[in-house]
Amino acid sequence: MLHLEPLLTLMWVLLGVLLGVVLTLVLLMAVQGKFGRASGARRRDRLTGLLPARRFEDEFAALLDALQRRGGEGSLLYIGLDGFRLINEEHGKDHGDHLLVRTAERLRQLAGKRSLVGRLAGDEFALWSEVPASQTDALVRQVLEALGEPVLVGATPLTVSLSVGVAMSPEHGHSIRLIRRAQTAMRSVKRLGGNGHAFFDAVQEEELREELTMARELRESIKNRELELVYQPKMDARTLQVTGVEALLRWRHSTLGMVSPSRFIPIAERYGLIDPIGDWVADTALTQAARWREMGLRMRVAINVSGYQMRSDEFIGRLEKGLRRHRLRPERFTCEITESVAMEHATVTGRAFKRLGALGVHVSIDDFGTGYSSLAALRQLPAQELKIDRAFVADVATSVQAQAIVRAVIEMARVLHLKVVAEGVETAAQRDQLVAMGCDELQGYLFAKPMTALAIEVLAAEPDKSTEGRAEGFRPSIFVETAAVPLDARR
């Protein structure tokens, strides 16, 4: 009699193994198919259909190898769209995506047989063309003209300027180095405000190295306690009482000494450092304002806010939390933004002005008179204050033209119910002229240089003994909580 049970058991085991092998093969095929499709997708940028950065670098290296064997020449254009982030903020991501797609299409149309086009970053493209050096200028002009044409999205025409960096082979290197050098040239254009092109040179590379070093050190500056605030008083034009102070940022570098904000703030914006630095400035100023409140000082504290910060919802949200944390009245706090930034992107900054106004924070338009503001544009920005640019204040005692400009600004401010502050007041003649014209507040070295918070406190407590930063013979008084006249009684 046959024993079938062991045989059946063996058959079931073999069947199980066979099914396992089949299932494993099916799964492997599915996984390979999935990753194969994904790999194929990565060969092209999903939005524009151009080569992504890694693929561009690989194909570019192969093209350069072949070019060098032939002894040929070529030029790489690294193209950055100026202000693209603002397109997304003002019109939405769909409009921005449409602009990127049209930019890619136009670059493809410009590309010849021995060309390569890629999208190397969000708003950065590259165009390689095997053209002799003598034809590179013409190629750059073609790119600037083609990509500078407006892109119509629905009924909205979108226009951006370009920053183009150019590196040439074999002069400027090979493969990745050529890409990096074209990018360096593009960044040099960005540093100068964009809307142009530049050919790579060694000076740019050295400047970029210095900038990267400064960015790294700037990142550590808060932790190393190298940043500090000083405060310059603002004076009531008629009573010479201190009505407020402007907080001014300083970087006391360990080897470079005092570094100007005009030098490091643009670097902070380019390398994503403006948020932590801006938060530090706001929190330090709020902390100091809370201390002064406890001492009985009734001064409005102002900070300077960059265009980047004004376009950031997060910054305004953090400022609101800081005001609550320090239990400060928002109307005692002022954000100053330059006229050029306010007017260049009026839609975005207008929203920020309204949010700050809803909080109760005062908004001041700084360096007024240097831009192209109109009465209609100013009406759309709910500010409380205009600060006349120091260039006009410098000549106000001697120049009829400067007097006419200052008078026009003051009259415009009256129509809009705005306070007028003149900064950069250095002589008694300037002061007298500005007071006669009806300026509300004055600020400048005639009264006091920027000084430490402690010096402000000494000035408040014992004005006769305070000497730091104060002009000789100047004896101001400071509003205190016991004062009978409220801070804004005049207005």
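Laboratory data are not the source of any read-out in this text; all were calculated from the coordinates shown. All values derive from a computational prediction rather than experimental measurement. All Cβ positions, glycine included, derive from the backbone under ideal geometry; neighbour counts span all protein chains shown.
Cβ-Cβ distance of Leu152 and Ala66, R₀ of 45 Å, FRET efficiency by 1/(1 + (r/R0)^6): the value works out to about 0.70. Around the Cα centre of the range 51-200, unit charges on the Cβ atoms of Lys, Arg, Asp and Glu (plus for the first two, minus for the last two) sum to a dipole of about 360 debye. Classify the range 225-478 as rounded, prolate or oblate, taking a ≥ b ≥ c as the square roots of the eigenvalues of its Cα gyration tensor: rounded when a/c is under 1.5, otherwise prolate if a/b is larger than b/c and oblate if not. Cα axes put the range 225-478 in the rounded bin. Packing, taken as the mean count of other beta carbons within 10 Å per residue, orders the peptides 348-355, 211-218 from highest to lowest as 348-355, 211-218. Applying 0.36 nm per residue to the separation of Arg270 and Ala121 and subtracting their alpha-carbon distance, the gain on full extension is 52.2 nm. Taking all Cα pairs closer than 8 Å and separated by 6 or more residues, the relative contact order of the range 51-200 comes to 31 percent. Relative to the compact-globule estimate of 2.2 N^0.38 Å, the Cα radius of gyration of the range 51-200 comes out at 1.02.
Within the shell defined by Cβ-Cβ distances under 15 Å, the residues around Arg141 carry a net charge of -2, with Lys and Arg each +1 and Asp and Glu each -1. Counting Lys and Arg as +1 and Asp and Glu as -1 over every other residue whose Cβ lies under 12 Å from the Cβ of Gly122, the net charge comes to -1. Spin-label model, Arg55/Arg252: points 7 Å from Cα along the beta carbon direction are separated by 5.4 nm.
Once C-alpha pairs closer than 8 Å and six or more residues apart are averaged by separation and normalised to the residue number of the range 69-132, the relative contact order reads 49 percent.
The modelled label-to-label distance between Val101 and Lys113, using points 7 Å beyond Cα along the C-beta direction, is 3.2 nm. Computed from point charges on the beta carbon alone (+1 for Lys and Arg, -1 for Asp and Glu), the dipole magnitude for the range 185-257 about its Cα centre is near 320 Debye.
Overall, the range 225-478 carries a charge dipole of about 660 debye about its Cα centre when +1 sits on the Cβ of Lys and Arg and -1 on the Cβ of Asp and Glu, all other atoms neutral.
For Val245, what charge total do you get from the other residues with a beta carbon under 9 Å from its beta carbon, if Lys and Arg give +1 and Asp and Glu give -1? For residues surrounding Val245, the net value is +1.
Give the shape of the range 200-240 as rounded, prolate or oblate, defined through the alpha-carbon gyration tensor: a ≥ b ≥ c are the square roots of its eigenvalues, a/c under 1.5 means rounded, and otherwise the shape is prolate if a/b is larger than b/c and oblate if not. Oblate. Given R₀ = 45 Å, what would the calculated FRET efficiency be for Ala138 paired with Arg379, taking r from the Cβ atoms and rounding to 0.05? Once the sixth-power term is evaluated, E becomes 0.45.
Past 19 Å, Cα to Cα, is the threshold; run Lys190/Lys223; Lys234/Lys449; Lys387/Lys419 against it and keep the listed order. Lys190/Lys223, as the Cα separations exceed 19 Å there. Our summary gives the range 236-296 a relative contact order of 17 percent, counting only alpha carbon pairs under 8 angstrom and 6 or more residues apart. Taking 0.36 nm per residue of separation and subtracting the current Cα-Cα distance, fully stretching the chain between Gln401 and Asp313 would add 27.7 nm. The range 53-103 and the range 223-242 have their alpha-carbon centroids 47 Å apart.
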